[in-house]
Amino acid sequence: FFFDRAPTAMADDLAGFLAGLVLECDEIPNKDKLRELKVDVGADEPLTIVTNASNVKSGSRVVVATVGAELNGEKIKKASVGGVVSEGMLADPPMLGWVGGGAGAAALLPESFKPGDAPPKSRPRMDGGGDRTGGGDAAAAPVAKSVGPGVDALFEKKLTKEEKKALQEKKKAERAAKKVAKAEGGGGDKDDDD
């Protein structure tokens, strides 16, 4: 990367950050893990970007911080990395303020993003779901709530320890009340709809 110190915070705004299509991905000889990319960002010529992100290959759609983009108060600039001049850097999800995705892994975009598009404000779905509207400001598409056996439980709120304990106590009291009612009623289950 191109900083005296490692970037730790996200970009204040995404000016200078663009969607890019990786056209070429080649290892840099004698440089452990470094790769030279040719990335189409919608300009006349593809940019040369040096990265150590292992999740990138030819055909990947990535977010590129171009020369002049600002991150942590520092401007991205051309720099020699591993003996190759890099004309920007790949952004990772934390730099963009996205939830999910780790530092050091390139922020990937679905095919709906074209080279030169502005990146979304939140991590997009990679499964092709959701519509991309808003000219590059697309937020992550909402997940439709499914209905079916076992699926609804995925959307239920997680209970706190106190709520779980109260629920157990309530169920225990209901069972005890049923036992008493059953004993008093002579063992019949004429009114046992539950």
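Here are some notes:
- Considering the range 40-65, and only residues there that are in a strand (DSSP E or B) and more than 21 Å from the chain's Cα centre (by Cα), the residue that is surrounded by the most Cβ atoms within 10 Å (Cβ to Cβ) turns out to be 49.
- Whether a residue is outside any loop (DSSP other than H, G, I, E, B) and either under 21 Å from residue 15 (Cα atoms) or modelled with pLDDT of 85 or more (or both) was assessed, and residue 124 does not pass this test.
- With respect to the conditions (1) among the polar types (S, T, N, Q); (2) open to solvent by less than 60 Å² (accessible area, probe 1.4 Å); (3) in a strand (DSSP E or B), residue 80 falls short on a single one, namely (2).
The values are calculated or read from the model by the stated rules, or taken from the named source; none is laboratory data. Note that the coordinates shown come from a computational prediction; the quantities given were computed from them, not determined experimentally. So basically every Cβ, Gly included, is an ideal-geometry build from the backbone, and we count neighbours across all protein chains shown. Calculation scope for accessible area: heavy atoms of the full protein, side chains included, ligands and nucleic acids excluded. Shrake-Rupley method; radii C 1.70, N 1.55, O 1.52, S 1.80 Å.
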